[in-house]
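What follows is a set of notes on a single structure, which appears directly below.
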Amino acid sequence: MRATFAAALTEIAQRDPRVLLLTADLGYLALEPFADVLPGRFVNVGVAEQNMIGIATGLAEGGFVPFCYSIAPFAALRPYEFIRNGPVLHRLRVRMVGVGAGFEYGSAGPTHHGIDDAAALRPQLGLTIVTPADAAQLRAALLATWEHDGPVYYRIGKDETVVVPGLDGRFRLGRADIVRDGGDLAFVTTGAIAADVCAAAELLARDGIAATVAVVSSFNPSPVDDLAQLAAAHRLLVSVEAQYVDGALGSLVAETIAEAGTASRLVRIGVRRPPQGRSGGQRYYHALHELSADAIAARAQALVAGARV
């Protein structure tokens, strides 16, 4: 998604001179399209994420729309207090871009894994969080929200080849998009792992199990009404996210079910164990945490079988 982000932001910036791009010494082979076309509006602040948010806060106060780019944990966690005390509390148009959602920086180790950024930022109710599932949706989301009133955090992947069947680039802030219908259970997912969830739903269909797949692409606003309707229509909901199960999507679905008072059962699939000193690529980590399409399908099949007893 990095190439799509750079290309779309370059288009926006050519139309609006307020748009700037800051990076904390990252984005090589990704951000050059912007830097080459608009070198005067591209700033590498060095390895200084807190300062980057501070600079962006001042720029936003001065009427600019700065985008701050870094790897997800460095964009969200290292400058957390600066994000809260600056853009969030003052309702400023600062945009944080966290790349490498989930385990996309797998071999770099747990310090680089984006598995807790959305959970950490979600309690900041003045911060909109956008979590596109593929490159086409990222482009639509960026075009729809770049001028949003208040701060935005974009949680994006690296892989340009991921395509979520049936999504077709749709993005609606605060809404869930249904990309597949089925009455036996409903998957609720977010980010690029949605492609694996769709693959799991296809595996289930071969065994006669029909699954709905709902893609959640934003928090604050969150698609509470859509999720409540989904829970009312399905006895079994399964949330799937390439991040810790606590605090982000799974927690949102659980809270929605509880407050809506539906009788749905929720099972959360995601990361349930802390780092264990192992290293490997994204596929390795998905297998380790049972986030592969095969593992998701197997878990859902067992749940449906149990529900039918």
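Rundown of residues vs (1) open to solvent by less than 40 Å² (accessible area, probe 1.4 Å); (2) in a strand (DSSP E or B); (3) touching a residue at least 24 places away in the same chain (Cβ under 8 Å), yes/no style:
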| residue | (1), (2), (3) |
| --- | --- |
| Arg155 | yes, yes, yes |
| Asp159 | no, no, yes |
| Arg170 | no, no, yes |
| Gly174 | yes, no, yes |
| Ile178 | no, yes, yes |
| Ile193 | yes, no, yes |
| Asp196 | no, no, yes |
| Leu203 | no, no, yes |
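Among the criteria (1) closer than 21 Å to Pro132 by Cα; (2) open to solvent by 10 Å² or more (accessible area, probe 1.4 Å); (3) in contact with a Gly (Cβ under 9 Å, 6 or more places away or on another chain), the one Gly250 does not fulfil is (2).
Residue by residue, here is whether (1) under 19 Å from the mean Cα position of the chain (by Cα); (2) open to solvent by 50 Å² or more (accessible area, probe 1.4 Å) holds:
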residue	(1), (2)
Arg206	no, yes
Ala228	no, no
Ile257	no, no
Gln282	yes, yes
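In this entry, Arg265 is excluded by the filter for residues that are within 21 Å of the chain's Cα centre (by Cα), modelled with pLDDT of 95 or more and open to solvent by 60 Å² or more (accessible area, probe 1.4 Å). I need every pair where a residue in segment 270-295 that is free of Cβ contacts under 8 Å to residues at least 40 places away in the same chain and closer than 21 Å to Val188 by Cα has its Cβ under 6 Å from the Cβ of a residue that is in a loop (DSSP other than H, G, I, E, B) and β-branched (Val, Ile, Thr), sequence separation at least 6 or different chains. Note: pairs meeting the criteria are Gly270/Val245; Arg272/Val245.
Being open to solvent by 70 Å² or more (accessible area, probe 1.4 Å) and either assigned to a helix (DSSP H, G or I) or not charged (D, E, K, R) (or both) is not true of Leu20.
Only one of the numbered conditions (1) assigned to a helix (DSSP H, G or I); (2) under 23 Å from His113 (Cβ atoms) is violated by Glu259, and that is (2). When the criteria are applied in full, Pro33 fails the requirement of being of a type outside the set (Gly, Ala, Ser), open to solvent by less than 40 Å² (accessible area, probe 1.4 Å), touching a residue at least 12 places away in the same chain (Cβ under 8 Å) and farther than 17 Å from Val130 by Cβ.
Is it the case that Gly150 is touching a Ser or Thr at 6+ places or on another chain (Cβ under 9 Å), open to solvent by less than 10 Å² (accessible area, probe 1.4 Å) and part of a loop (DSSP other than H, G, I, E, B)?
Criteria met by Gly150.
For segment 188-247, what are the residues that are of a type in the set (Ser, Thr, Tyr), within 23 Å of Leu127 (Cα to Cα) and touching a strand residue (DSSP E or B) at 6+ places or on another chain (Cβ under 6 Å)? Of everything in segment 188-247, those that are of a type in the set (Ser, Thr, Tyr), within 23 Å of Leu127 (Cα to Cα) and touching a strand residue (DSSP E or B) at 6+ places or on another chain (Cβ under 6 Å) turn out to be Thr189, Thr190, Ser218, Ser239, Tyr244.
The values are calculated or read from the model by the stated rules, or taken from the named source; none is laboratory data. Not measured: the values here are computed from a predicted model. Note that we place each Cβ from the backbone using ideal geometry, even for glycine, and neighbour counts take in every protein chain shown. Calculation scope for accessible area: heavy atoms of the full protein, side chains included, ligands and nucleic acids excluded. Shrake-Rupley method; radii C 1.70, N 1.55, O 1.52, S 1.80 Å.
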